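A.B. asks: Take a look at the following structure, please.
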Amino acid sequence: MNWSLKKAMREMALPFLAFLLLLLLLPICNVDATQANNVFNVRDFGAVADGESDSSQALLGAWEKACTQEGRPRVYVPKGVYMVKPLVFKGPCKGHVVVVQIKGVLKAPKELSLFNDEQWIKFEQIDGLLLTGGGMFDGQGAAAWPQNKCPQKKDCKTLPISIKFGHVTNATIRSLTSLNSKFFHMIIFKCSNINLHHIQIKAPENSPNTDGIHIGGSTRVAIRNSNIATGDDCVSVGPGNRNISISKVFCGPGHGISVGSLGKYAGEEDVSGLRVRNCTLTGTTNGVRIKTWQSSPRSSASNFMFEDILMRDVRNPIIIDQKYCPYESCDATFPSMVKLSNIKFRNIRGISTSKVAVELLCSKAVPCQNVELRDINLKYIEHSVPALASCSNVVGGVSSGLVVPPPCI
């Protein structure tokens, strides 16, 4: 083959090779384009990160667009401060997971007149949600706290919850901060398969009813690797819950990790299956607690495990209170009818700031059954005075291992 023919063939091959390379790159380009089309930046919908302009409709517009997309669409909130009025992010959505990535700060209005519902931000009827990004929900609750009359009045008007998840399934909430909610920080209601981790919740010790995470009527909820400092329960497990897991939670200040209160309303569903483990409570008014109302309708709570828990200067490290009464006057006509059974406290240690470190105050109408104390080592803060345990109406209780204070069951 002569030189000129070889040259011609090379010149013909170069465009052909370029064409093949283009064909190979097209799928990658299409994937990138698809991914780009599935990201909805709230600034493109009119959000302004000045902390004053109302960005509510921009966030809602980005959500509604993402909700119509298949695959894994993403709502993106860049860094900055965004004023946001009450919103509902509602499904069902087409994608298998909708991602809400918050890098900035969402700030709630201070004015209570702008709230018509019980919450500031709600995620509702969604199957497949990832809420993440390292950002913050700022509830701006300080101005509203003086208007909260619930600590004194039973039939009070509650303030807005910061974030509510209602009828949500298969969700992960991670790497976010909730600051100074007006009322509860987060509520998980009628949800299933919810995972929360690396959550920061912050409110002053004197902020009323600023529970960290409240769970109601839900199944398979896991909370782990989180820091919660509030003016009320760090985590509260209400009626109707099953298979709840709380682990590696640092709680304090606050009222501890609680089951209840239970028995306040007629028709409450039973609670079953709770495991609290490897947690640290610091300076809280309670440690691990079960609380039920007197004169309550009949229900049950069973199969609880509290284990590997460190108490640092906690007032009531282990407490069952079936005469729970947070108001000045409560209905004490009849004993609690909430039946507690199969409750295990294992490897709980540390310092109690109250002399009675273990208090099991059960109902005389339906005594607690099968309560276990194993490897308990709780000492009174005044080391020269021994800590005490107090029990009433406990049936079938057992203790094993080293138990300090000496067991009362």
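A.B. asks: If you build the Cα gyration tensor of the chain and take the root of 5 times each eigenvalue, what three semi-axes come out, in whole angstrom, biggest first?
C.D. replies: Details: eigenvalues 519, 131, 71 Å².
Gyration-tensor ellipsoid for the chain: 51, 26, 19 Å.
A.B. asks: May I have the convex hull volume per residue, in Å³, for the Cα set of the stretch 166-218?
C.D. replies: Numbers: hull volume 3.6 nm³, N = 53.
In the stretch 166-218, the Cα hull volume divided by residue count equals 67 Å³.
A.B. asks: Placing +1 at every Lys and Arg Cβ and -1 at every Asp and Glu Cβ, with all other atoms neutral, what dipole size does the chain have around its Cα centre, in debye to the nearest 20?
C.D. replies: 720 debye
A.B. asks: Considering the alpha-carbon set of the stretch 47-132 alone, what are its Rg and its Dmax in angstrom?
C.D. replies: 12.9, 39
A.B. asks: Ignoring solvent entirely, what values of log10 I(q)/I(0) come out of the Debye formula for the stretch 59-103 at 0.16, 0.28 Å⁻¹ when each Cα is a single scatterer?
C.D. replies: These q points yield log10 I(q)/I(0) values of -0.42, -1.06.
A.B. asks: Stokes-Einstein D for the stretch 323-392 at 37 °C, 0.692 mPa s, Kirkwood Rh over Cα pairs, in µm²/s?
C.D. replies: On the way: Rh = 14.0 Å.
So the translational diffusion coefficient is about 234 µm²/s.
A.B. asks: Kindly provide the pair-distance distribution of the stretch 110-263 built from C-alpha pairs, with 5 Å bins from 0 and whole-percent values in order of increasing distance.
C.D. replies: Distribution as computed: 2, 10, 20, 25, 23, 14, 6, 1 percent.
A.B. asks: Against the 2.2 N^0.38 Å scaling, with N counting residues, where does the stretch 99-190 land? I'd like the Cα-based Rg ratio to two decimal places. Can you show the working numbers first?
C.D. replies: Details: Rg = 13.9 Å, N = 92, 2.2 N^0.38 = 12.3 Å.
Scaled against compact globular proteins, the figure is 1.13.
A.B. asks: If you average over every viewing direction, what projected area does the convex hull of the Cα atoms of the stretch 180-270 give, in nm²? Kindly include the intermediate steps, with their values, before the conclusion.
C.D. replies: Working: hull surface 21.2 nm².
Dividing the Cα hull surface by four gives the mean projection, 5.3 nm².
A.B. asks: Also, I was wondering about something else. Take the eigenvalues of the Cα gyration tensor for the stretch 232-334, scale each by 5, and report the square roots as semi-axes in whole Å, largest first. Intermediate results must be reported in sequence, preceding the final value.
C.D. replies: On the way: eigenvalues 110, 57, 17 Å².
The answer is 23, 17, 9 Å, longest axis first.
A.B. asks: A follow-up question, please. Please enumerate, by chain and number, the lysines with C-alpha under 27 Å from the C-alpha of Lys110, excluding those fewer than 8 residues away in the same chain.
C.D. replies: Excluding near neighbours in sequence, the set is Lys79, Lys85, Lys90, Lys122, Lys149, Lys153, Lys154, Lys157, Lys164, Lys182, Lys202.
A.B. asks: Let me ask something else about it. Expressed as a whole percent, how much of the Cα-Cα distance distribution for the stretch 289-330 exceeds 11 Å?
C.D. replies: Pairs farther apart than 11 Å: 76 percent.
A.B. asks: I need two numbers for the stretch 288-369: Rg to one decimal and Dmax as a whole number, Cα atoms only, in Å.
C.D. replies: Taking only Cα atoms of the stretch 288-369, I get Rg and Dmax of 13.5, 38 Å.
A.B. asks: For the chain, what is the mean residue ellipticity at 222 nm derived from helices alone (per DSSP H run of n ≥ 4: -39500 (n - 2.57); sum divided by total residues; nearest 500 deg cm²/dmol)?
C.D. replies: Values: 2 runs with 47 residues, N = 409.
Mean residue ellipticity at 222 nm (helix-derived): -4000 deg cm²/dmol.
A.B. asks: Between the helical axis of 3-37 and the dominant principal axis of the chain, each derived from Cα atoms, what acute angle in degrees is found, rounded to the nearest 10?
C.D. replies: 30 degrees
A.B. asks: Give me the count of lysine pairs in the stretch 224-367 whose alpha carbons sit under 29 angstrom apart, restricted to pairs 8 or more positions apart or on different chains.
C.D. replies: 23
A.B. asks: Moving on to the next point. Principal axis lengths of the stretch 268-409 from Cα atoms, whole Å, largest first?
C.D. replies: Computed over the Cα atoms, the extents are 41, 31, 24 Å.
A.B. asks: Sticking with this structure for a sec: Mind checking which of Val259, Phe334, Val84 is farthest towards the positive end of the chain's charge dipole, using Cβ charges of +1 (Lys, Arg) and -1 (Asp, Glu) about the Cα centre?
C.D. replies: Towards the positive end, the residue furthest out is Val259.
A.B. asks: If you stretched the chain out fully between Arg349 and Ser390, how much longer would it get, using 0.36 nm times the residue separation minus the C-alpha to C-alpha distance? Walk me through the numbers on the way to the answer.
C.D. replies: Numbers: separation 41, 0.36 × 41 = 14.76 nm, distance 1.71 nm.
Net length gain for the segment: 13.1 nm.
A.B. asks: What do you get for the angle between helix 56-67 and the principal long axis of the chain? Use alpha-carbon atoms, 0 to 90 degrees, nearest ten.
C.D. replies: 70 degrees
A.B. asks: Note the per residue figure in Å³ for the convex hull of the C-alpha positions in the stretch 229-273.
C.D. replies: Values: hull volume 2.6 nm³, N = 45.
Output value, Cα hull per residue: 58 Å³.
Every number in this text was worked out from the coordinates using simple rules, so none of it is lab data. Every value quoted in this text rests on a predicted model; they were computed, and no experiment measured them. Every residue, glycine as well, gets a Cβ built from its backbone with ideal geometry; the counts of neighbours run over all protein chains shown.
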